[in-house]
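Visitor: Below is one structure. I have some questions about it.
The numbers here are math on the coordinates, done by the rules we state, and not lab data. Quantities reported herein were computed from a predicted structural model and do not represent experimental measurements. Virtual Cβ from ideal backbone geometry, glycine too; neighbours counted across all protein chains shown.
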Amino acid sequence: MKQFGSFRLDAANECLWRGGEQIALQPKPYAVLRYLVENPGRLITHDELLDKLWPETYVQPQILRTYMLELRRILGDSLDEPKFIQTLPKRGYCFVASVAEGASHSVESGSAPIVSTAALSAQSKLVGREKELARLCVELQQMLSGQRRIVLLSGEAGIGKTTLTDALAETWCCNSRPQPSILLARGQCVPGFGSREQYYPVLEALGHICASPDGEAVCRVLLRMAPEWLALLGRQPAQVQNPTQLTSTDMRHPGNICTTLEELSTIKPLIFIFEDMQWADDSTLHLLSALARRRGPAKLMIVATYRPRDIAADHTLRRVRQDLMLQRLCTEIVLEPLPKADVLALLSMELGIDAPPPRLVSIVQHHAEGNPLFVISILQHLIAQRLLFRDSSEAGAPWELAPQAETESAIPDELAQMVELEICRLPEEDQRILEAGSLMSVAFPAWSAAAALNGDLMEIEEACERLARNAHFVQHVGLDELPDGSRCSFYAFTHGIYREVLYHRQSESRRARRHIRIAERLGDMFAGREAHVAREIAMHYEAAGDQKLGVQALRTAAEYALARQSRTEAAELLERAEHLAASANHGQNGSGVIQLTRNSKHARIEHVPAHKAN
Ligand SMILES: Nc1ncnc2c1ncn2[C@@H]1O[C@H](COP(=O)(O)OP(=O)(O)OP(=O)(O)O)[C@@H](O)[C@H]1O
Ligand SMILES: [Mg+2]
């Protein structure tokens, strides 16, 4: 630890100490301070600081002023009479206090600092997620005090589960820490392996810690307690001096593995990150359950990521999770979509600029809805299509959006393919129901899917309910009251992209047929009061390409709007009708246009023959 004045800079935990008080620092101010403290007594130019802290990224130099202000406030320093940071106008800064090497302050010393969120996010390219990091920190603190922790980290594909665990891992295992105070290893579940390879992620994680600087100690424990695992890891020949040491622990019993992992956690606190548990084998899941249920203290933490949508109703993970949650033996951190401010920060980071073009955020958000993988993919797509471009490749050159960016930006192919793969994993009947749902808008009532498919409403409603319960593409959002007084559930797609992909994967003729059935069902349900739903009916006929019925429904809708004194709406509907009629009768005679004619008191709708239309 570097010591200056009454402060100590704690590189292990990336924070600052004043006596026994831990002062949290944001990652960048911390990095600035660290660089100054590590280079005391000399001029550090603006360029040098910018180069060191933002390599290969253009950053406005003014940002340094902001950080210095922040650091001076924390250190109680002054610009005029600096005790620590001296500003050398137009040149840079100099750390003027003397710096001494202080005693190190490790996690095992037991005295205080354990983890700070600033430390966790310092090295990773992580945007936002402060709340989730703070929760991980609390879990980590508890683990370091001897309480075993099981943390589930869940969220849809691309939401940032791995990125968050990377932030955790980097802090403890990055190369600049030759002796991490924690053993941390990752085990990846692989689709298809679950049914064949028992304990696949556990073995992978053990393999990692065997190869770590603490590998020898780890191997010694495995040799004593689980020699067959050592053999499985391919480490036996080098380690086993005396084959009689092999006491053949039966590793089929989770209890034995629990004891072994607990023993490993006495070498150093142990974190296992198991990724994508939706593909885990049952043995690993039962191990998770067994570990959580054991009572003795252990500095052991499992972080298990999974996609809720990909676990079927009968998946072991679902049962294990439910049991552990009920008994409060595990915690779950659910990753929600990033808020708009974080999307903006992510775009800035990806583009290497301070502020992205104002329209860009709304275009990206329109499709991505806060999913960081989607944000990045859409951004790359816009650049590839030259809808987002800059005239020079020089760092700092401004990005510009093409005027047609809003209308021409579409879902990138790879993203659509990713969603398509997810859809294909569902039974065919469910795929058809979701396709039918996509014909409405982001939300649809079950009756519309039943109408589109000519199917049984009750069965379709049950299927939607099941899909919603398993977080498969849709969620239940309410009830639709039908004209006959009955009620029917309403569902919404959890992501607009799902709806779009589901809509476009249907052939045009199939889609048209389904749209027409919905329009007809609406007409039947509202018989005698068709005008109330004429706008919706028109939308389906338009989408089906039936211009004649579309124009008719739009006229009815416009008349209805007019009857309600909604002249603007009526005019808009008529304009649409006009367009539709024009496209239907392109070049044909007799169609004319529909016009809203006005006199001083009344407005009415008239069909104007083509030869009289203006
Ligand atoms: N908070 C974040 N800040 C910056 N980038 C992020 C963030 N979250 C995710 N990303 C980016 O989004 C992409 C997808 O994230 P990640 O791989 O962590 O998702 P995931 O939830 O693990 O997905 P999967 O379920 O497919 O494993 C990554 O390329 C990552 O760089
Ligand atoms: Mg992942």
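Visitor: Using Cβ contacts closer than 10 Å as the measure, can you line up TRP54, TRP399 from fewest to most?
Guide: Going from least to most buried by this count: TRP54, TRP399.
Visitor: Along the charge dipole of the range 415-580, which of HIS504, GLN565, GLY485 sits closest to the positive end, that is, farthest toward it, with unit charges on the beta carbon of Lys, Arg, Asp and Glu (+1, +1, -1, -1)?
Guide: GLN565
Visitor: Quick one: net charge around GLN552, please, counting Lys, Arg +1 and Asp, Glu -1 for every other residue with C-beta under 12 Å from its C-beta.
Guide: Details: positive: LYS548, ARG555; negative: GLU530, GLU542, ASP546, GLU559.
Combined, the nearby Lys, Arg, Asp and Glu give -2.
Visitor: What does the highest-first list of 129-136, 426-433 look like by mean Cβ count within 10 Å?
Guide: Numbers: 129-136: 18.6, 426-433: 16.5.
Put in order of decreasing packing, that is 129-136, 426-433.
Visitor: Here's another thing I want to ask about it. For the range 1-57, which chymotrypsin sites (Phe, Trp or Tyr not before Pro) pass both filters: DSSP loop (anything but H, G, I, E, B) and at most 15 other C-beta atoms within 10 Å?
Guide: Passing sites in the range 1-57 do not exist.
Visitor: If R0 is 51 Å, what FRET efficiency do you get for GLU48 and GLU459 from their C-beta distance, rounded to 0.05?
Guide: 0.15
Visitor: Using packing as a proxy for protection, rank 527-540, 260-273 so that the peptide with the highest average count of other Cβ atoms within 10 Å comes first.
Guide: 260-273, 527-540
Visitor: LYS90: which lysines have alpha carbons under 22 Å from its alpha carbon, excluding same-chain residues fewer than 8 sequence positions away?
Guide: Within the straight-line cut-off, LYS90 pairs with LYS28, LYS52.
Visitor: Separate question: Provide the net charge surrounding LYS2, with neighbours chosen by a C-beta distance below 14 Å and charges set as Lys +1, Arg +1, Asp -1, Glu -1. Spell out each step's value before the answer.
Guide: Working: positive: ARG8, ARG18, ARG34; negative: ASP10, GLU14, GLU38, GLU101.
Local net charge: -1.
Visitor: Over the range 503-586, what relative contact order in percent results from Cα pairs under 8 Å that are six or more residues apart?
Guide: Contact order relative to length: 23 percent.
Visitor: Nearest 0.05, what FRET efficiency do SER362 and GLU130 give at R0 = 25 Å with Cβ-Cβ as r?
Guide: 0.55
Visitor: Next question, about the same structure. In percent, how large is the relative contact order of the range 2-101, given Cα pairs closer than 8 Å and 6 or more residues apart?
Guide: Averaging sequence separation for qualifying contacts and normalising by length gives 32 percent for the range 2-101.
Visitor: Using 0.36 nm times the number of residues separating ARG390 and SER441, minus their current alpha carbon distance, what extension gain do you get?
Guide: 14.8 nm
Visitor: Applying 1/(1 + (r/R0)^6) with R0 = 30 Å to the Cβ-Cβ distance of HIS476 and ALA416, what FRET efficiency is obtained, to the nearest 0.05?
Guide: Working from the Cβ atoms, E equals 0.70.
Visitor: Hey, which lysines would be in cross-link range of LYS131, C-alpha to C-alpha under 16 Å, not counting anything within fewer than 8 residues on its own chain?
Guide: Excluding near neighbours in sequence, the set is LYS161, LYS340.
Visitor: Quick check: net charge around GLU48, other residues with Cβ under 12 Å of its Cβ, Lys/Arg +1 and Asp/Glu -1? Provide the component values of the computation, followed by the final result.
Guide: Numbers: positive: ARG42, LYS52, ARG91; negative: ASP47, ASP51.
Cβ neighbours under 12 Å give a net charge of +1.
Visitor: List the aspartates and glutamates whose Cα sits under 16 Å from the Cα of LYS268, skipping any in the same chain fewer than 8 residues away.
Guide: Qualifying aspartates and glutamates at Cα under 16 Å: GLU108, ASP214, GLU216.
Visitor: Something else: Using a simple spin-label model with points 7 Å from Cα along the Cα→Cβ vector, what separation in nm is obtained for ASP314 and GLN147?
Guide: 3.7
Visitor: Within the range 524-553, what residues put their amide N at less than 14 Å from the label point 7 Å along the Cα-to-Cβ vector of ARG487?
Guide: The answer is none.
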